[in-house]
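The values are calculated or read from the model by the stated rules, or taken from the named source; none is laboratory data. It should be emphasised that the depicted structure is a prediction, and the values quoted were computed from it without experimental measurement. Cβ sites come from the backbone with ideal geometry, for glycine too, and all protein chains shown count toward neighbours. Areas reflect the complete protein model, heavy atoms only, side chains present, ligands, DNA and RNA absent. Shrake-Rupley method; radii C 1.70, N 1.55, O 1.52, S 1.80 Å.
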Amino acid sequence: MITIATAAPARASRTWYKILYVQVLIAILIGVLVGWLWPSLATNDWVKALGDGFIKLIKMLIAPIIFCTVVSGIAHIQDAKKVGRVGLKALVYFEIVSTFALVLGLVMGNLFQIGRGLAAKPDAAAVANYVKQAEASKSVDFILNIIPDTVVGALARGDILQVLLFAILFGFSLMALGERGAKLRGMIDDAAHAVFGVIAIVMKVAPIGAFGAMAFTIGKFGPSALGNLIGLVALFYATAALFVVVVLGLISRFVGFSIFKFIAYIKDELLLVLGTSSSESALPQLMTKLERLGCSKPVVGLVVPTGYSFNLDGTNIYMTLATLFIAQALGVDLSFGQQLTILVVAMLTSKGASGITGAGFITLAATLSVVNPVLVPGMAIVFSIDKFMSEVRALTNIIGNGIAAVFVAWWEGELDQATLHARLNQKNRSHRRRDLEHGRVGGCISNRHSRASRTRV
């Protein structure tokens with residue numbers, strides 16, 4: 001504590017343009033201008049590689065981060081029943097909130113039938129690849145795919161659910177070893193500390209990645225790409241905002257904090273997601289931010305990685321809204337029973353999306369093929385604007401997962417309310433600057449499991 005307090009004044013002198021989230025915001029704005037004014041330059045393969053390269057840098061670290069944090073979180077718990085209890089509470093929360101997201105998408109789609117009279121001429125060939133992937137995404141295959149062929153293969157591919165399964169089993173095994181596993185637990189804790197240090201290094205090039213991703217997007221699609229589909233984009237944005245403010249806002253208020261203060265607290269992670277269109281790009285920083293917010297490490301380590309596959313609120317809204325839009329555009333009337341089918345099917349297919357750009361489009365294909373195969377070619381209608389909607393999908397997903405971790409921590413009785421309010425209210429400006437400086441470093445530890453070695457890099 002003393003070290004941090006004495007170091008704070010030195011950081012207070014940092015100029016505004018050296019703050020990471022400011023750099024990312026400036027990079028996004030420059031990317032928009034370059035994509036708009038010089039589209040030929042923006043669509044260059046090297047510009048696109050800036051964004052793709054940064055996402056790959058983050059993705060290479062996600063598997064080891066999930067493995068280390070989940071194993072460490074479980075191994076430090078003395079009661080095995082607690083892990084199952086936290087997991088069950090998380091799944092209950094995910095299903096309830098996901099249902100609200102799906103229903104809200106259906107309600108808004110029926111109230112504002114913007115697909116009517118579009119006279120769409122879908123091109124099935126444009127979405128053939130997505131349909132093929134969707135056909136392979138059967139529910140039984142999804143369940144079996146959770147079990148990796150090999151542990152090394154799961155870590156190499158970075159499959160979140162496969163790594164999560166092995167990490168949970170390994171954590172239980174390490175917990176059962178008791179004192180015999182103390183040395184190995186320490187090694188895993190130190191490995192997590194080192195991986196978060198790598199994240200801190202990678203994050204220094206975040207503005208470059210955000211610039212490349214945004215410039216390529218605007219350069220390729222341009223403002224005119226929205227065309228007469230601007231209504232769908234606007235409705236999706238409004239519905240996602242309504243979900244965040246009302247549904248997640250009520251959940252936040254129930255716990256005792258403001259959703260707007262929470263959004264301000266994770267603003268640099270949101271800007272990173274906005275620039276890369278991938279909620280996974282901010283996963284490591286989100287986990288450390290939540291731990292410093294007062295959530296216990298075991299809860300964050302279990303809820304957040306699981307939420308990236310089971311709690312995709314933005315994807316749920318998108319699927320129901322886009323399904324109704326396509327049906328209206330093609331002149332296909334969906335009965336009440338078929339719309340209920342959308343809820344059930346989307347609840348299953350959305351579990352296969354992981355926050356990566358394009359995953360929502362694949363799950364949309366899976367949903368349409370089950371609800372009514374006639375609707376599948378209509379995916380081409382929204383194909384050109386999917387990129388613009390993927391931004392909000394990712395933003396909504398990451399906010400939803402953050403709120404989920406806070407809520408489950410509160411439900412489990414492992415949320416430090418004093419820390420929560422101190423961080424969100426930002427009473428001390430030195431805390432704010434310290435977060436910006438160290439927000440991605442050090443594998444932050446909960447109050448219950450904090451160690452002095454983890455407060456510095």
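A few remarks follow.
- Hey, Val97 within 21 Å of Gly307 (Cα to Cα) and modelled with pLDDT of 80 or more or not: yes
- Checked against the criterion of being surrounded by 15 or more Cβ atoms within 10 Å (Cβ to Cβ) and at negative phi, the candidates Ile218, Ile201 yield just one match: Ile218.
- Residues of the range 22-42 classified as more than 11 Å from Ala210 (Cα to Cα) and either in contact with an Asp or Glu (Cβ under 6 Å, 6 or more places away or on another chain) or open to solvent by 50 Å² or more (accessible area, probe 1.4 Å) (or both), total: 7
- Between Val127, Val86, Val107, Val70, the distinction of being modelled with pLDDT of 85 or more and either part of a helix (DSSP H, G or I) or open to solvent by 50 Å² or more (accessible area, probe 1.4 Å) (or both) belongs to Val107 only.
- In summary, Lys138 fulfils each of the numbered conditions (1) over 28 Å from Ala240 (Cβ atoms); (2) open to solvent by less than 50 Å² (accessible area, probe 1.4 Å); (3) at pLDDT below 80 with the single exception of condition (2).
- In the range 224-243, the residues that are under 23 Å from Val97 (Cα atoms) and among the β-branched types (Val, Ile, Thr) reach residues that are assigned to a helix (DSSP H, G or I) and modelled with pLDDT under 75 with C-beta atoms within less than 6 angstrom, at least six apart or across chains, in these pairs: Val233/Phe388.
- Residue satisfying all of: in the range 312-337; out of contact with any Gly (no Cβ under 6 Å at 6 or more places or on another chain) and surrounded by 24 or more Cβ atoms within 10 Å (Cβ to Cβ); nearest to Gln162 (Cα to Cα) among these: Leu312
- Residues (in a helix (DSSP H, G or I), surrounded by fewer than 15 Cβ atoms within 10 Å (Cβ to Cβ) and over 16 Å from the mean Cα position of the chain (by Cα)) located in the range 243-288: Val245, Val246, Leu250, Arg253, Phe254, Phe260, Ala264
- When the criteria are applied in full, Ile188 meets the requirement of being part of a helix (DSSP H, G or I), among the β-branched types (Val, Ile, Thr) and open to solvent by less than 80 Å² (accessible area, probe 1.4 Å).
- Sub-7 Å Cβ pairs linking a first residue in the range 299-319 that is under 13 Å from Val70 (Cα atoms) to a second residue that is open to solvent by 10 Å² or more (accessible area, probe 1.4 Å) and assigned to a loop (DSSP other than H, G, I, E, B), at least 6 apart or interchain, are Val299/Glu412; Val299/Glu414, ordered by first then second residue.
- Tally of residues being part of a helix (DSSP H, G or I) and open to solvent by 40 Å² or more (accessible area, probe 1.4 Å) across the range 141-181: 21
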